[in-house]
1. Between beta-carbons, use under 12 Å as the cut-off and find the net charge around Lys268, counting Lys and Arg +1, Asp and Glu -1.
2. Could you state the angle between the C-alpha long axis of helix 556-576 and the longest principal axis of the C-alpha atoms of the chain, as a value from 0 to 90 degrees rounded to the nearest 10?
3. Scan around Glu670 for amide H atoms under 5 Å from its own, H built in the peptide plane at 1.01 Å from N, and keep only partners 5 or more places away or cross-chain.
4. A 30 angstrom limit on the alpha carbon distance is what I want to check against. Which of Lys356/Lys531; Lys49/Lys124; Lys27/Lys507; Lys27/Lys531; Lys528/Lys658 exceed it?
5. What is the Cα centroid distance between the stretch 655-671 and the stretch 499-520, reported in whole angstrom?
6. Can you give the Rg and Dmax of the chain based on its C-alpha atoms, in angstrom?
7. What whole number of Å gives the distance from the Cα centroid of the stretch 9-75 to the Cα centroid of the stretch 122-150?
8. Nearest-5 percent of antiparallel DSSP beta bridges in the chain?
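Laboratory data are not the source of any read-out in this text; all were calculated from the coordinates shown. Note that this is a predicted model, so its numbers are computed, not measured. Quick reminder, even Gly has a Cβ in these numbers, built from the backbone with ideal geometry, and neighbours come from all protein chains shown.
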Amino acid sequence: MAKEPVDGQYMVARPLFSEDSFSGQYKKVYRPHKGLLDNVKDCFHCDSKRAKNAALSLLPIIGWIKTYRFKEWLLGDIVAGVSTGLVSVLQGLAFALLASIPPGYGLYAAFFPALMYIFLGTSKHISVGPFPVLSLMVGAVVTKLVPSDGPPANITGFEGLTMDQQRVIVASSVTFLMGIFQLAMGVLRVGFIVIYLSDTLVSGFTTAAAVHILVSQLKFVLGLTVPGFSGPLNMFYTLESIFLQITSTNIADLITSIVIMAVVFVVKEINDRYRSKLPVPIPIEIIITIIVCGVSYGANFEERFNVTVIGTMVNGYETPSAPNVEVMQHGAVDAFTTAIVGFAVAFSVAKVYSVKHDYVIDGNQELIAFGASNMFGAAFQSFAASTALSRTAVQESTGGKTQIAGLVSAMIALIVTVGIGFLLEPLPRSVLGALVIVNLKGMLMQFREIPYLWTRDKADFVIWMVTCVASIILGLDLGLAVGIGIELIAVVFRTQFPRCSILANIKGTDIYRDHKDYLCIYEPEGVKIFKIPSPIFFANIEFFRDKLIQAVGFSPLRVLRKRNKALRKIRKMLKNGDLQMTPMGLKTVDFSSTKNWDDEGSAEDLDQPVDFSDLPVQVNWRAELPGSISVPPVDIHSLVLDFSAVSFIDISALKGLKTTLKEFVRVDVEVYIVACDVYVFEKLHNCMFFDDEIKTSMFYPTIHDAMLHILEKNQGHSKIKENEKEAEFKLVSSDGLNLRRTEKIMIANEFPSKL
């Protein structure tokens, strides 16, 4: 039975291992790796179990509907669905304005995508429907192809249609293409693409989107007629147009908006503060909408105060229609960007609730679900759908357990569309604008992350700022591209220029840390431990080489060439009789003849190993050399390279590494590589890395093994008094047996006895 550690200490007794001796004593288990042909066969292999798993994967509803607890969950799902449905209807109306299409079409976005997601989605809690950022991105394409102050683009199919009809075609066609992109990425299993959108980048991007949304809603809040702008600087053109018309502000719209924003803001703060005490959040948006609709209808806001209202609502659903191919061609880039952003937002929200409620979501299946949902909705004139954190929070907090709540929410949108939508016709558009603005609080408050990022991580601060500023100035599509570019550049710089360090032993332990960070350290004379903290590839091999030369204090190639030049000079002097052998070594006879000596040898030979075979003596490079020959000193005899953080190495870097190691070996520096990953070690074997100079014997499993070997081998070199130390360790094996052995190791007096 294993014993507990005494006083928080552990002791291990084992032999000193190199990689060769370790592999000789402990045999590896051979695991055959599948080839390409095997993987292809597995891909097309089918049986009943695999067919069942494929069906469950493609239609997750089959899995959770079988275990649905009707008595426990049904009432909560219905309550959550009704609450979420009412919010979704209002957000659909409001976000349709962001997409620059009639508000009634927002009801389609609240119905069709949610209906399809129920069958294909893996998240049980997210509320699928319109999302403000996506609506704004779709609206940018709409205003670009169908501007409000000019002729539309020359596109087949626009003939004889009103501006609103043309815009609906653009929005639905771009949404259909967005769905195609998402579906294709899901089928191709590239859901991992979302990892390239970091939380920092998404935060900066959504903050910029919130600023764009805020500016776009000012025209409704102020009751102004502002043309739509697209492309870089579009937000500034919008602001310019607003300020030029500021004196024409509709006071009724402005006062209504201010009152609504104040009331909604206060009630939302109450909902947040007393969340644990309220059975359900106060549906203030719904209450406000009902009150304002009644007041607007009774007081006839449209005629008395010249207030722009929603107007004629859609009555029922249109027949499905095919998307316009020319529009898809014009909006391909925007559709792809929208597809990525929509999935990234939805997956992030879904992941939060999957962790909270302990179930698994599949990124690739989510892509398929959203792709199919958007294509299905676009066929019925819907626009881009994803999810919204606020709407999903309502669904989860009011008792939603599964996507049955999403089904009920879609039914609420259906009822409003075919039955009571006309009751919303007197609602002023300024109310929708005010509700959009007040719901931007969460995204706008992300500005508070700036000081935190500045103090914690300057690179993330730059990513956030560049993404946000670029998205504000250049537009959301170009801004996202710039943000991804900056993020990738930051990753490249962090990998290409990592923080290398020289390690030292923490006295009394087998732990090695950066020698600059600790006081109680031990650094054996003539030994350098260099840590490489990242993968080695073509872009950073020269950086590591430069840092290594800087760490050891000399260039091995320069030393090697100087030594070979010195040997040529010595050979020349011996041949001319300027040097003679004496019992004390070489003695210079004629010093003057060496002053004007010219090196006539080949430059390529200077890079070869030092050869003493044709000399009567072997040169001691640390002693004074004859004939004023000068060679740079080499102050170390051993170099340890810590490969514990090297996860891969490519062919280009492998060649550079081999060249560098040979240069050190040729100037009599013993090189040791420690903690090398087993797969990196295998790659070195497969790429013919080893030869007569670079051998497997230089690899050790830990720094400590290499250091004990170095100290034992170089005791005479360091010229220090040796002492016999006893190191006692205890190892608790995996099968519970206590293996205890005392081993005497001859180590340097300065080296701690508990190493």
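1. Values: positive: Arg273, Arg275, Lys441; negative: Glu269, Asp272, Glu285.
Neighbour charge sum, excluding Lys268 itself: 0.
2. 20 degrees
3. Long-range HN contacts for Glu670: Ser638, Leu639.
4. On the way: Lys356/Lys531 39 Å; Lys49/Lys124 25 Å; Lys27/Lys507 33 Å; Lys27/Lys531 28 Å; Lys528/Lys658 19 Å.
Violating the 30 Å limit, Cα to Cα: Lys356/Lys531; Lys27/Lys507.
5. Comparing the Cα centres of the stretch 655-671 and the stretch 499-520, I get a distance of 24 Å.
6. Rg and Dmax of the chain, Cα atoms, are 36.5, 121 Å.
7. For the stretch 122-150 versus the stretch 9-75, the Cα centre distance is 39 Å.
8. Values: 26 of 39 bridges.
Close to 65 percent.
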